[in-house]
Amino acid sequence: MALTEVLNPTILREYDIRGIVDETLSADDTFNIGRAYGSELIEKGGLAVVVGYDGRISSPRLKKALVKGLVSSGVKVIQIGMGPTPMLNFAAHLLKADGGLMVTGSHNPPNYNGIKMTMFGRAFFGKEIRALGERCNSEKFVVGKGNTFEQNILEKYVDRILRDFSGSRELKIAWDPGNGASGIIVDKVIERLPGTHFLINGTVDGNFPAHHPDPTVEDNLKQLKELVLEKKCEIGIAFDGDGDRLGVVDGLGRVIWGDQLLVILARPVLKELPGSTIIADVKASQVFIDEIKRLGGIPILWKTGHSHIKTKMAELSSPIAGEMSAHLFFKHKYYGFDDGVYAAIRLLSILASGKQTLESIFNELPKMFNTPEIRIDCTEDQKFLVIKEVKKRLKSEACIQVNEVDGVRVSSKDGWWLLRASNTQPALVARCEAETEESLARLKRKLAAVLRDTGVSIKL
């Protein structure tokens, strides 16, 4: 069968496949992606895969085409239905499948969709995704006679999540799945979890009528904050569209960001496993580095992106890791993938097992002055050239330390600033952090000057 169209190269992202439905990503595309992935799996000796999909309007249609493509290559497809991405990852582990494919647009707007993939128990990303696109475009497909059947694993997934809950102090909790796929899980969880629960936006709706499904944007947490304050809850928990990330607010409505959550979640892990390596992405606060050292762990800053983090975790046998985007990964008692609801359960266990509220725990963390994540429009080609030029110019600078693991993270007496090329957008990503407002202002001026020297003008 000939390709109906060549894959749009913009959908081949670093960590997954993602595009605008029926503009850059069609059902024909997902059919051929299924053929390509299935061919790769069969050639490497695999056979069975798990397929799931999120609550977007386009997901059932794209999933159907994907399954058809997989079956045509000789793959055995186990369909687990609609749910969050972590449920797919759990299913792949439980059913001992050779791979997993999730039709999901993650936290993107409703008109987007895509595919997240694993193969042989690890992330399928980077050059593997690019090779998949090349296979599609060259039509190098294996032809076989696969089959497909459905299996419901939702209850087993909920059982597994709740297995690691502990604690007797009853909590008052606000929940906001944001009309995303995690809503069907949260519904089941709060039926069995002790405490008092308040749920909003729990109905799965691919139009996301309440707000955009990205809990790392503070504006999207407005409803949750209001609910927490109105009901006098101790904690508010939100999820993104496919449930692999979470947002958290304390009883005062203050946001606890991903690197701060990682520090809190790492405390009991390091008590049990002293000296462990804890991984965060390069955007993490200095507080993460200092606190993990204080707790007896080894902090490591690594490349941004859930696939990069999962790969590094396996390499270093790290029990827990996280990103600023609130992808939180547990190998300790779990499977090493990012799971928003499971991370929430681990956080609730800390609170229910102790006397401290989340508010008091947060108050104990050192306070820093920092910028939000700053995105600077920059073409796909130009963004890497800018980073290369910045690295070159920094070679002559004195009294600084430069971490080049992902872009440049520059530390000085004032604090640190970061500049990296986004792996998902035509943009540069920047962030600054310092102990005082005055130091932060100096860092921002320095970063702006460095960018100006490379031809990029920005007011910070």
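Just a yes or no: is a residue in segment 171-186 under 20 Å from the mean Cα position of the chain (by Cα), assigned by TED's automatic domain parsing to the domain that holds Asp338 and on the phi > 0 side of the Ramachandran plot? For segment 171-186, residues under 20 Å from the mean Cα position of the chain (by Cα), assigned by TED's automatic domain parsing to the domain that holds Asp338 and on the phi > 0 side of the Ramachandran plot: present.
When residues in segment 129-150 are screened for being out of contact with any helix residue (DSSP H, G or I) (no Cβ under 8 Å at 6 or more places or on another chain), surrounded by 14 or more Cβ atoms within 10 Å (Cβ to Cβ) and within 26 Å of Leu95 (Cα to Cα), 1 of them pass.
Do you know which of the residues in segment 357-374 that are part of a loop (DSSP other than H, G, I, E, B) and closer than 20 Å to Asp290 by Cβ is modelled with the lowest pLDDT? Here the answer is Thr371.
Scanning segment 71-81 for residues being surrounded by fewer than 23 Cβ atoms within 10 Å (Cβ to Cβ) and either part of a loop (DSSP other than H, G, I, E, B) or touching a Lys or Arg at 6+ places or on another chain (Cβ under 9 Å) (or both) gives a total of 5. Checking each residue in segment 287-306 for being part of a helix (DSSP H, G or I) and among the hydrophobic types (A, V, I, L, M, F, W, C) picks out Val287, Phe288, Ile289, Ile292. You will find that of Ser59, Ser26, Ser39, the residue that is buried (at least 18 other Cβ atoms within 10 Å of the Cβ) and out of contact with any helix residue (DSSP H, G or I) (no Cβ under 9 Å at 6 or more places or on another chain) is Ser59 and no other.
Selection of segment 203-255 for residues being of a type in the set (Asp, Glu) and part of a loop (DSSP other than H, G, I, E, B) yields Asp205, Asp214, Glu234, Asp240, Asp242, Asp244. For Gly146, the conditions (1) out of contact with any Ser or Thr (no Cβ under 6 Å at 6 or more places or on another chain); (2) under 22 Å from Thr85 (Cα atoms) are fulfilled apart from (2).
Scanning segment 183-192 for residues that are aliphatic (A, V, I, L, M) and buried (at least 19 other Cβ atoms within 10 Å of the Cβ) gives Ile184, Ile185, Val186, Val189. When Leu229 is tested against (1) in contact with a Cys (Cβ under 6 Å, 6 or more places away or on another chain); (2) surrounded by fewer than 18 Cβ atoms within 10 Å (Cβ to Cβ), only condition (1) is not met. Answer yes if at least one residue in segment 97-110 is surrounded by 15 or more Cβ atoms within 10 Å (Cβ to Cβ), under 16 Å from Ile237 (Cβ atoms) and among the small types (Gly, Ala, Ser), and no otherwise. No. Kindly check whether there is at least one residue in segment 343-351 that is in the same structural domain as Glu437 (by TED's automatic domain parsing), over 30 Å from Arg122 (Cα atoms) and either in a helix (DSSP H, G or I) or of a type in the set (Phe, Trp, Tyr) (or both). Among the residues of segment 343-351, not one is in the same structural domain as Glu437 (by TED's automatic domain parsing), over 30 Å from Arg122 (Cα atoms) and either in a helix (DSSP H, G or I) or of a type in the set (Phe, Trp, Tyr) (or both), which makes the answer no. Filtered by the rule that a residue be in a strand (DSSP E or B) and of a type in the set (Val, Ile, Thr), segment 265-286 gives Thr277, Ile278, Ile279.
Does segment 325-342 hold any residues that are out of contact with any Leu (no Cβ under 8 Å at 6 or more places or on another chain), among the hydrophobic types (A, V, I, L, M, F, W, C) and in a loop (DSSP other than H, G, I, E, B), and which are they? Answer for segment 325-342, where residues must be out of contact with any Leu (no Cβ under 8 Å at 6 or more places or on another chain), among the hydrophobic types (A, V, I, L, M, F, W, C) and in a loop (DSSP other than H, G, I, E, B): just Phe337.
Table: residues versus (1) surrounded by 22 or more Cβ atoms within 10 Å (Cβ to Cβ); (2) farther than 23 Å from Cys378 by Cα; (3) not assigned by TED's automatic domain parsing to the domain that holds Ile374.
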position: Ser412; (1), (2), (3): no, yes, no
position: Leu418; (1), (2), (3): yes, no, no
position: Thr424; (1), (2), (3): no, no, no
position: Ala434; (1), (2), (3): yes, yes, no
position: Ser439; (1), (2), (3): no, yes, no
position: Arg442; (1), (2), (3): no, yes, no
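One residue stands out among those in segment 307-324 that are in contact with a helix residue (DSSP H, G or I) (Cβ under 6 Å, 6 or more places away or on another chain) and outside any strand (DSSP E or B): the one that is modelled with the lowest pLDDT, which is Met324. Gly180 falls short on exactly one of the conditions (1) at pLDDT 95 or above; (2) closer than 15 Å to Pro84 by Cβ; (3) touching a helix residue (DSSP H, G or I) at 6+ places or on another chain (Cβ under 8 Å), and that condition is (3).
Of the set (1) aliphatic (A, V, I, L, M); (2) under 20 Å from Phe198 (Cβ atoms); (3) touching a helix residue (DSSP H, G or I) at 6+ places or on another chain (Cβ under 6 Å), all apply to Val228 but (3).
Scanning segment 151-180 for residues that are free of Cβ contacts under 8 Å to residues at least 60 places away in the same chain and of a type in the set (A, V, I, L, M) turns up just one, Val158.
The values are calculated or read from the model by the stated rules, or taken from the named source; none is laboratory data. Predicted, not measured: the structure shown is a model, and the values here were computed from it. Neighbour counts are summed over all protein chains in view; Cβ atoms, including those assigned to glycine, are modelled from backbone coordinates with ideal geometry.
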